[in-house]
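The values are calculated or read from the model by the stated rules, or taken from the named source; none is laboratory data. These numbers come from a predicted model, not from an experiment. Note: ideal-geometry Cβ built from the backbone for every residue, glycine included; neighbour counts use all protein chains shown.
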Amino acid sequence: MRNTAKATTLESKFPLLAVEHNCIISKDADITACFRVHLPELFTVASPEYDAIHSAWHKAIKTLPDYTVIHKQDWFIKESYTPDIAQDGLSFLAKSYQQHFNERPFLNHYCYLFLTKTTKERMRMQSNFSSLCKGVLIPKEIRDKETVRRFIEAVAQFERIMNDSGFVKLERLTEDDIIGTEDNQGLLELYFTLSREAGTAMQDIALGAEDMRIGNKRLCLHTLSDTDDLPNTVSVNTRYEKLSTDRSDCLLSFAAPVGLLLSCNHIYNQYLFLDNSDENLRKFEKSARNMHSLARYSRANQINKEWIEKYLNEAHSFGLSSIRAHFNVMAWSDDPNELKQLKNDTGSALALMECKPRHNTVDVATLYWAAMPGNAGDFPAEESFYTFIEPALCFFTEETNYQSSPSPFGMKMADRLTGKPIHLDISDLPMKKGIITNRNKFILGPSGSGKSFFTNHMVRQYYEQGAHVLLVDTGNSYQGLCELIKGKTKGEDGVYFTYTEDNPIAFNPFYTDDGVFDIEKRESIKTLILTLWKRDDEPPTRSEEVALSNAVSGYIERIKQSDEHPSFNGFYEYVRGDYKKVLTEKQVREKDFDLANFLNVLEPYYKGGEYDYLLNSEKQLDLLSKRFIVFEIDAIKDHKILFPIVTIIIMEVFINKMRRLKGVRKLILIEEAWKAIAKEGMAEYIKYLCAPVQVA
């Protein structure tokens, strides 16, 4: 049976001639510079920043010559998350996390910008002059080389202005990005398949009056091509109600409903046509006079005349440039039954922008053809409306989906909208960008909101990346993680301190693995003994501080010169024996240092005393080399004797790590910090740690 369908080859209708010097040249001698656009992440932009982005676009566009088309094309493609479980050294929890999100669907965003220099005649062409309607395309010659040179210079200025804004980054596409290579598809091939999957073959394109199809993909197109379809007012940003409260606003760009919030495969095309503004205004002046002369025949003519004059007044009063604009949403689906739902979803998204959804069935093929990268000169002029640059830019999408941080250090979190895992650095990258001045974090939330769950997730990943983690826990939230680390390291790491009657907390403040007693270690020992000796409201005298310092130094020298096992018992016996002789030789008076009182107060911590276990641990444990330490203090947080001692031990451990472990990331986390802040000593220590100059 003979095929009677009107078919032709893509090659015979292809409107592009070549790609040279990273620019697309069409057969009608249009030149297009192509960029990949990097936008700010979703929910990270405040109102002043949206204004700055809007201003940057405006400044950049003003540098472009007349008869230039700005075509911003945003791709939103459904993809599935592919975990990378082949990495070396992944822990069981890390692999389980990755496998949990295997094939998680999410909407990925790709943004491109095409700047096309065309001619006055091409800018005014109607849809019946599209290259789709021509029998043979004969390439035209670029005659005015000076115009091309000025356009290239303007494009360079445009790129510089946008990159200098600090919010939007333009990356020039190369010839391989546009055309493709043997291994990778180019942008043109991606557009003709509407797929970003590797190895997707070119398919037949069916153009019909009511339907357009690319392979099995059926397209539906909604356009904003008439001022009657637009809202009464537009703004740079809009309030996102789901995450806003009565006291705070969560902002998105005005066009966000047809961007990432529209969860289907679609392309959002944004066009700005830079005609000669003065010529446009003269045409409107003439039209206004005609409307005035015809006003007596129809009231509509009088109303139109008033609208035209209002437009002219705005242009002349504020020096605005008259341009044309067009916006459309091109959605598609493989399932014919889903197409109706796509139409409803796209129409609803436009309605959220207070636009009138117009489902276009007549010009789908022409608009699809004009949206081809580099073919914006083929756009039908009747599908555009007159406006100014500033309001037209409000229809630009200004945010992208969450991106994984380029920093090697960080943790896995999930995309707020789709749940896709991303690599997030909340420590180093914000410091580098100047967003924060220190790495301190405050995790706040009501009971049951997941604070401990998140913290377990965070500290586990920090630990696996080489960080030293010290946790002050009140409620056994990290016992399971500590046991997991202890089992994995075969007892070499994962130290859990908690107080029970059968196994109370015990330390040995005089023990160090390497035998080094630096100034920080000595000070922490003196602070500990002062805490045992004096009450909070009883400060020591200068002579008492000197005597205590000499006692600690003398015992440390004794430890270094002998094989004696260091302990608090040894220190007590040294003070009672050898140091007493030293004081006698120096003739230290009792009122300057009451040795009997000192020994009497410290006796409960000596062998045979009530707390003799506390400072005489037999375990030769050096916490400096332990990378995961948990102090569970819930049972002793109200104990007048044990809590101050444990607090000092915690301080000593972390300060020792800070001073001696150079170039190693260190993290102290205080669970239920408000309980610790209630204690004066711990509150001062936290204040010290949170100083802006502190390096974690």
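Considering only the range 282-387, give the helices (runs of 4 or more DSSP H) lying wholly within it that have at least 2 residues that are free of Cβ contacts under 8 Å to residues at least 40 places away in the same chain.
Values: elements: 299-318, 336-352, 364-370.
Output list reads 299-318, 336-352.
With the requirement that a residue be assigned to a strand (DSSP E or B) and either of a type in the set (Ser, Thr, Tyr) or more than 40 Å from the chain's Cα centre (by Cα) (or both), what does the range 269-281 give you? Give the steps one after another, and end with the answer.
Initially, the range 269-281 is screened for residues assigned to a strand (DSSP E or B), giving 269-274.
Answer for the range 269-281, where residues must be assigned to a strand (DSSP E or B) and either of a type in the set (Ser, Thr, Tyr) or more than 40 Å from the chain's Cα centre (by Cα) (or both): just Tyr271.
Please determine whether any residue of the range 623-631 is outside any loop (DSSP other than H, G, I, E, B), modelled with pLDDT of 80 or more and not β-branched (Val, Ile, Thr). Walk me through how you get there before you give the answer.
If we filter the range 623-631 for residues that are outside any loop (DSSP other than H, G, I, E, B), which is where we start, we get 628-631.
This time we only want the ones that are modelled with pLDDT of 80 or more, so: 628-631.
Filter again for not β-branched (Val, Ile, Thr), leaving 628, 631.
So far as the range 623-631 goes, yes, one or more of its residues are outside any loop (DSSP other than H, G, I, E, B), modelled with pLDDT of 80 or more and not β-branched (Val, Ile, Thr).
For Arg213, all conditions in the list (1) free of Cβ contacts under 8 Å to residues at least 12 places away in the same chain; (2) more than 23 Å from Pro336 (Cβ to Cβ); (3) outside any loop (DSSP other than H, G, I, E, B) hold save one; what is the number of the exception?
Every condition holds for Arg213 apart from (2).
Ile61 - would you say it is crowded, with 19+ Cβ neighbours inside 10 Å and over 20 Å from the mean Cα position of the chain (by Cα)? Steps first, please.
Working: crowded, with 19+ Cβ neighbours inside 10 Å: yes; over 20 Å from the mean Cα position of the chain (by Cα): yes.
Yes: the conditions hold for Ile61.
Any residue at all in the range 87-97 that's of a type in the set (Lys, Arg), assigned by TED's automatic domain parsing to the domain that holds Trp369, surrounded by fewer than 21 Cβ atoms within 10 Å (Cβ to Cβ) and not in a strand (DSSP E or B)?
Initially, the range 87-97 is screened for residues of a type in the set (Lys, Arg), giving 95.
Subsequent filtering for residues that are assigned by TED's automatic domain parsing to the domain that holds Trp369 retains none.
The answer is no, given that none of the residues of the range 87-97 is of a type in the set (Lys, Arg), assigned by TED's automatic domain parsing to the domain that holds Trp369, surrounded by fewer than 21 Cβ atoms within 10 Å (Cβ to Cβ) and not in a strand (DSSP E or B).
Given the criterion within 25 Å of Val646 (Cβ to Cβ), more than 29 Å from the chain's Cα centre (by Cα) and not assigned by TED's automatic domain parsing to the domain that holds Ile633, identify the matching residue among Tyr511, Tyr496.
When all the criteria are applied, what remains is Tyr511.
Give me the strands (runs of 3 or more DSSP E) completely within the range 394-477, filtered to those with at least 2 residues that are under 30 Å from Cys264 (Cβ atoms), ordered by residue number. Show your work before the answer.
Numbers: elements: 411-414, 421-424, 468-473.
Per the criteria, 411-414, 421-424.
Can you give me the number of residues within the range 59-86 that are under 26 Å from Asp378 (Cβ atoms) and not hydrophobic (A, V, I, L, M, F, W, C)? If you could, list the steps in order and put the result at the bottom.
Let us first name the residues in the range 59-86 that are under 26 Å from Asp378 (Cβ atoms), namely 60-77.
Filter once more, so that each one left must be not hydrophobic (A, V, I, L, M, F, W, C): 62-63, 65-68, 71-74.
So the count comes out to 10.
Tell me which residues, restricted to the range 389-412, are of a type in the set (A, V, I, L, M, F, W, C) and crowded, with 18+ Cβ neighbours inside 10 Å.
Filtering the range 389-412 down to residues of a type in the set (A, V, I, L, M, F, W, C) leaves 389, 392-396, 409, 411.
Matches in the range 389-412: Ile389, Ala392, Leu393, Cys394, Phe395, Phe396, Met411.
Would you mind stating whether Leu528 is within 15 Å of Val653 (Cβ to Cβ) and among the hydrophobic types (A, V, I, L, M, F, W, C)?
Numbers: within 15 Å of Val653 (Cβ to Cβ): yes; among the hydrophobic types (A, V, I, L, M, F, W, C): yes.
When the stated conditions are applied, Leu528 passes them.
Which residue is nearest to Ile485 (Cα to Cα), if the candidates are limited to the range 427-459 and must be within 17 Å of the chain's Cα centre (by Cα) and surrounded by 17 or more Cβ atoms within 10 Å (Cβ to Cβ)?
Let us first name the residues in the range 427-459 that are within 17 Å of the chain's Cα centre (by Cα), namely 427-436, 439, 441, 458.
Now narrow it down to the ones that are surrounded by 17 or more Cβ atoms within 10 Å (Cβ to Cβ): 427, 458.
Working: Ser427: 23, Met458: 14 Å.
Here the answer is Met458.
Exactly one condition in (1) within 36 Å of the chain's Cα centre (by Cα); (2) surrounded by fewer than 19 Cβ atoms within 10 Å (Cβ to Cβ); (3) in a helix (DSSP H, G or I); (4) in contact (Cβ under 8 Å) with a residue 60 or more places away in the chain is not met by Ile485; state its number.
Among (1) within 36 Å of the chain's Cα centre (by Cα); (2) surrounded by fewer than 19 Cβ atoms within 10 Å (Cβ to Cβ); (3) in a helix (DSSP H, G or I); (4) in contact (Cβ under 8 Å) with a residue 60 or more places away in the chain, the lone unmet condition for Ile485 is (2).
Only one of Lys59, Lys72 is assigned by TED's automatic domain parsing to the domain that holds Met372, part of a strand (DSSP E or B) and under 20 Å from Leu393 (Cβ atoms); which?
Numbers: Lys59 fails: part of a strand (DSSP E or B).
Lys72 is the lone residue from the list that is assigned by TED's automatic domain parsing to the domain that holds Met372, part of a strand (DSSP E or B) and under 20 Å from Leu393 (Cβ atoms).
Return the residues of the range 460-480 that are surrounded by fewer than 18 Cβ atoms within 10 Å (Cβ to Cβ) and either within 25 Å of Pro421 (Cβ to Cβ) or without any contact (Cβ under 8 Å) to a residue 12 or more places away in the chain (or both); say none if nothing qualifies.
Result: Glu464, Gln465, Gly466, Gly480.
Any idea which residue in the range 265-309 is nearest to Leu367 (Cα to Cα), counting only those that are among the hydrophobic types (A, V, I, L, M, F, W, C) and in contact with a strand residue (DSSP E or B) (Cβ under 6 Å, 6 or more places away or on another chain)? Lay out the reasoning, then the answer.
Step one: filter the range 265-309 for residues among the hydrophobic types (A, V, I, L, M, F, W, C), giving 267, 272-274, 281, 284, 288, 291, 294-295, 300, 303, 307-308.
With the extra rule that they be in contact with a strand residue (DSSP E or B) (Cβ under 6 Å, 6 or more places away or on another chain), the set shrinks to 267, 272-274, 281.
Details: Ile267: 12, Leu272: 14, Phe273: 15, Leu274: 18, Leu281: 27 Å.
Only one residue fits best here, namely Ile267.
Return yes or no: is Val495 surrounded by 14 or more Cβ atoms within 10 Å (Cβ to Cβ) and modelled with pLDDT of 90 or more? Please lay out each step first, then the result.
Details: surrounded by 14 or more Cβ atoms within 10 Å (Cβ to Cβ): yes; modelled with pLDDT of 90 or more: no.
No.
Given the conditions (1) crowded, with 16+ Cβ neighbours inside 10 Å; (2) modelled with pLDDT under 95; (3) β-branched (Val, Ile, Thr), report the number of the one that Val329 does not fulfil.
(2)
Taking the condition more than 22 Å from Pro15 (Cα to Cα), touching a helix residue (DSSP H, G or I) at 6+ places or on another chain (Cβ under 8 Å) and surrounded by 14 or more Cβ atoms within 10 Å (Cβ to Cβ), does Ala56 pass? Steps first, answer last, please.
Values: more than 22 Å from Pro15 (Cα to Cα): yes; touching a helix residue (DSSP H, G or I) at 6+ places or on another chain (Cβ under 8 Å): yes; surrounded by 14 or more Cβ atoms within 10 Å (Cβ to Cβ): yes.
Answer is yes for this residue.
Of the numbered conditions (1) more than 22 Å from the chain's Cα centre (by Cα); (2) at pLDDT 90 or above; (3) surrounded by fewer than 14 Cβ atoms within 10 Å (Cβ to Cβ), Glu121 fails exactly one; give the number of that condition.
Result: Glu121 passes all but (2).
If you take the residues in the range 583-630 that are farther than 22 Å from Lys534 by Cβ and β-branched (Val, Ile, Thr), which one is farthest from the chain's Cα centre (by Cα)?
Filtering first and then ranking leaves Thr584.
Looking only at residues in the range 516-529 that are of a type in the set (A, V, I, L, M) and surrounded by fewer than 16 Cβ atoms within 10 Å (Cβ to Cβ), which one is farthest from the chain's Cα centre (by Cα)?
Within the range 516-529, the first condition is being of a type in the set (A, V, I, L, M), and the residues that meet it are 516, 519, 525, 528-529.
Filter once more, keeping what is surrounded by fewer than 16 Cβ atoms within 10 Å (Cβ to Cβ): 516, 519.
Details: Val516: 43, Ile519: 42 Å.
Among those that are of a type in the set (A, V, I, L, M) and surrounded by fewer than 16 Cβ atoms within 10 Å (Cβ to Cβ), it is Val516.
Report yes if some residue within the range 539-558 is of a type in the set (Phe, Trp, Tyr), crowded, with 16+ Cβ neighbours inside 10 Å and closer than 26 Å to His639 by Cα; otherwise report no.
The first filter runs over the range 539-558 and keeps only residues of a type in the set (Phe, Trp, Tyr), leaving 555.
Keeping just the survivors that are crowded, with 16+ Cβ neighbours inside 10 Å gives 555.
Checking which are closer than 26 Å to His639 by Cα leaves us with none.
Scanning the range 539-558 turns up no residue that is of a type in the set (Phe, Trp, Tyr), crowded, with 16+ Cβ neighbours inside 10 Å and closer than 26 Å to His639 by Cα.
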